[in-house]
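Peer 1: Can you read through this structure? Questions will come right after.
The values are calculated or read from the model by the stated rules, or taken from the named source; none is laboratory data. No experiment lies behind these values; they were computed from the predicted model shown. All Cβ positions, even for glycine, are placed from backbone atoms using ideal geometry, and neighbour counts span all protein chains on display.
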Amino acid sequence: MNKIKLSLAGLVLGAMAATTTSAQAGMTCRISMDITKGGFVIGAAGGTGTLRCGNRRYRLDIGGINAGLIIGASKMSLNGRARNLRYVTDIEGTYARLGASAAAGEGGTNILATNERGVELAMRGSQVGLEASLDLGGLTIRLAD
(Lines give C-alpha, C1' and ligand atoms only; values in the text may rest on other atoms or scores of the structure.)
Protein backbone atom coordinates (compact mmCIF):
# COMPACT_ATOMS: atom_id res chain seq x y z
CA MET A 1 0.00 0.00 0.00
CA ASN A 2 2.84 2.43 0.83
CA LYS A 3 4.45 1.76 -2.56
CA ILE A 4 1.19 2.70 -4.30
CA LYS A 5 0.92 5.94 -2.30
CA LEU A 6 4.54 6.82 -3.06
CA SER A 7 4.03 6.09 -6.75
CA LEU A 8 0.88 8.24 -6.89
CA ALA A 9 2.61 11.06 -5.01
CA GLY A 10 5.53 10.90 -7.45
CA LEU A 11 3.17 11.04 -10.43
CA VAL A 12 1.29 14.03 -9.00
CA LEU A 13 4.51 15.91 -8.21
CA GLY A 14 5.91 15.11 -11.65
CA ALA A 15 2.75 16.37 -13.35
CA MET A 16 2.82 19.56 -11.29
CA ALA A 17 6.46 20.19 -12.15
CA ALA A 18 5.84 19.64 -15.85
CA THR A 19 2.86 22.00 -15.81
CA THR A 20 4.82 24.69 -13.96
CA THR A 21 7.80 24.43 -16.30
CA SER A 22 5.76 24.72 -19.50
CA ALA A 23 3.71 27.62 -18.12
CA GLN A 24 6.86 29.53 -17.15
CA ALA A 25 8.69 28.79 -20.39
CA GLY A 26 6.00 30.41 -22.54
CA MET A 27 5.73 30.13 -26.29
CA THR A 28 8.36 30.54 -28.95
CA CYS A 29 7.47 32.50 -32.09
CA ARG A 30 9.32 33.30 -35.30
CA ILE A 31 10.39 36.90 -35.80
CA SER A 32 11.81 38.82 -38.75
CA MET A 33 12.76 42.47 -39.06
CA ASP A 34 14.33 44.97 -41.42
CA ILE A 35 16.19 47.77 -39.66
CA THR A 36 18.00 50.80 -41.05
CA LYS A 37 20.52 52.44 -38.75
CA GLY A 38 23.04 55.21 -38.97
CA GLY A 39 24.84 57.87 -37.04
CA PHE A 40 27.92 59.69 -35.99
CA VAL A 41 28.68 59.19 -32.25
CA ILE A 42 24.91 58.99 -31.58
CA GLY A 43 22.94 56.70 -33.83
CA ALA A 44 19.33 55.97 -34.56
CA ALA A 45 17.61 52.90 -35.92
CA GLY A 46 14.14 52.23 -37.26
CA GLY A 47 12.28 49.59 -39.16
CA THR A 48 9.48 47.09 -39.34
CA GLY A 49 9.06 43.44 -38.58
CA THR A 50 6.72 40.49 -38.33
CA LEU A 51 6.03 38.17 -35.41
CA ARG A 52 4.56 34.75 -36.35
CA CYS A 53 2.95 32.74 -33.56
CA GLY A 54 1.26 29.64 -34.90
CA ASN A 55 -0.91 30.69 -37.86
CA ARG A 56 -1.15 34.34 -36.73
CA ARG A 57 1.04 37.19 -37.99
CA TYR A 58 1.57 40.46 -36.16
CA ARG A 59 3.22 43.55 -37.64
CA LEU A 60 5.92 45.24 -35.56
CA ASP A 61 7.31 48.78 -35.40
CA ILE A 62 10.97 49.02 -34.38
CA GLY A 63 13.01 52.01 -33.22
CA GLY A 64 16.13 52.66 -31.23
CA ILE A 65 18.93 54.94 -30.16
CA ASN A 66 22.60 54.01 -29.65
CA ALA A 67 25.53 55.94 -28.23
CA GLY A 68 29.22 55.14 -28.46
CA LEU A 69 31.72 54.85 -31.29
CA ILE A 70 29.38 54.96 -34.28
CA ILE A 71 29.99 56.10 -37.82
CA GLY A 72 28.14 55.32 -41.04
CA ALA A 73 24.85 53.75 -42.06
CA SER A 74 23.63 50.23 -42.75
CA LYS A 75 20.55 48.11 -43.26
CA MET A 76 19.98 44.80 -41.48
CA SER A 77 17.60 41.99 -42.38
CA LEU A 78 17.17 39.56 -39.46
CA ASN A 79 15.30 36.32 -38.83
CA GLY A 80 15.07 34.21 -35.73
CA ARG A 81 13.04 33.34 -32.66
CA ALA A 82 11.35 35.21 -29.83
CA ARG A 83 11.23 32.97 -26.74
CA ASN A 84 9.38 33.09 -23.40
CA LEU A 85 6.25 34.90 -24.59
CA ARG A 86 3.23 34.26 -22.37
CA TYR A 87 1.14 36.67 -24.47
CA VAL A 88 1.82 38.21 -27.88
CA THR A 89 1.98 41.64 -26.20
CA ASP A 90 5.06 40.47 -24.26
CA ILE A 91 7.09 41.17 -27.42
CA GLU A 92 6.69 44.88 -26.72
CA GLY A 93 9.42 46.62 -24.79
CA THR A 94 13.02 47.74 -24.89
CA TYR A 95 15.75 45.25 -25.71
CA ALA A 96 18.98 46.66 -24.27
CA ARG A 97 22.26 45.55 -25.76
CA LEU A 98 25.95 46.25 -25.91
CA GLY A 99 26.94 45.75 -29.49
CA ALA A 100 29.74 45.80 -31.96
CA SER A 101 29.18 45.65 -35.69
CA ALA A 102 30.89 46.48 -38.93
CA ALA A 103 29.74 46.50 -42.51
CA ALA A 104 31.69 47.42 -45.61
CA GLY A 105 29.48 46.15 -48.37
CA GLU A 106 27.72 43.06 -47.04
CA GLY A 107 28.30 40.97 -43.93
CA GLY A 108 26.57 38.87 -41.31
CA THR A 109 25.14 39.98 -37.99
CA ASN A 110 23.67 38.37 -34.87
CA ILE A 111 21.46 39.81 -32.14
CA LEU A 112 20.82 38.30 -28.71
CA ALA A 113 18.71 40.54 -26.48
CA THR A 114 16.14 40.37 -23.67
CA ASN A 115 13.38 42.81 -22.73
CA GLU A 116 12.01 43.68 -19.29
CA ARG A 117 9.34 40.95 -19.57
CA GLY A 118 11.93 38.22 -20.07
CA VAL A 119 11.33 37.76 -23.82
CA GLU A 120 14.55 36.66 -25.51
CA LEU A 121 15.38 37.45 -29.13
CA ALA A 122 17.89 35.28 -30.95
CA MET A 123 18.30 36.46 -34.55
CA ARG A 124 20.74 36.19 -37.44
CA GLY A 125 20.88 37.96 -40.71
CA SER A 126 22.74 40.16 -43.11
CA GLN A 127 23.94 43.74 -42.88
CA VAL A 128 24.64 45.95 -45.89
CA GLY A 129 26.26 49.39 -45.86
CA LEU A 130 29.30 51.24 -44.63
CA GLU A 131 29.21 51.35 -40.84
CA ALA A 132 31.32 50.56 -37.79
CA SER A 133 30.17 50.73 -34.20
CA LEU A 134 30.97 49.81 -30.63
CA ASP A 135 27.94 51.04 -28.78
CA LEU A 136 25.42 50.75 -25.99
CA GLY A 137 21.83 51.08 -27.00
CA GLY A 138 18.59 49.35 -27.46
CA LEU A 139 15.75 48.49 -29.75
CA THR A 140 12.18 49.30 -28.86
CA ILE A 141 9.60 46.96 -30.34
CA ARG A 142 5.85 47.53 -30.32
CA LEU A 143 2.93 45.93 -32.09
CA ALA A 144 1.87 48.03 -35.09
CA ASP A 145 -1.65 49.37 -35.27
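Each row is one residue, and each column tells you yes or no for (1) assigned to a strand (DSSP E or B); (2) among the small types (Gly, Ala, Ser); (3) more than 19 Å from Gly26 (Cβ to Cβ).
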site	(1), (2), (3)
Gly39	yes, yes, yes
Ile42	yes, no, yes
Ile62	yes, no, yes
Leu69	yes, no, yes
Ser74	yes, yes, yes
Arg81	yes, no, no
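Peer 1: Please tell me if Leu51 is in contact with a Cys (Cβ under 8 Å, 6 or more places away or on another chain), buried (at least 16 other Cβ atoms within 10 Å of the Cβ), at pLDDT 95 or above and assigned to a strand (DSSP E or B).
Peer 2: Criteria met by Leu51.
Peer 1: Now for a separate question. Determine if segment 83-91 includes at least one residue that is part of a strand (DSSP E or B), under 27 Å from Leu134 (Cβ atoms) and not basic (Lys, Arg).
Peer 2: Scanning segment 83-91, I find no residue that is part of a strand (DSSP E or B), under 27 Å from Leu134 (Cβ atoms) and not basic (Lys, Arg), so the answer is no.
Peer 1: Still on this structure: Tell me, which residue of segment 41-73 that is among the basic types (Lys, Arg) and touching a residue at least 12 places away in the same chain (Cβ under 8 Å) is farthest from Asn115 (Cα to Cα)?
Peer 2: Step by step, filter segment 41-73, then rank; the result is Arg56.
Peer 1: If I filter segment 103-121 down to residues being hydrophobic (A, V, I, L, M, F, W, C) and surrounded by 15 or more Cβ atoms within 10 Å (Cβ to Cβ), which single residue comes out as modelled with the lowest pLDDT?
Peer 2: Ala103
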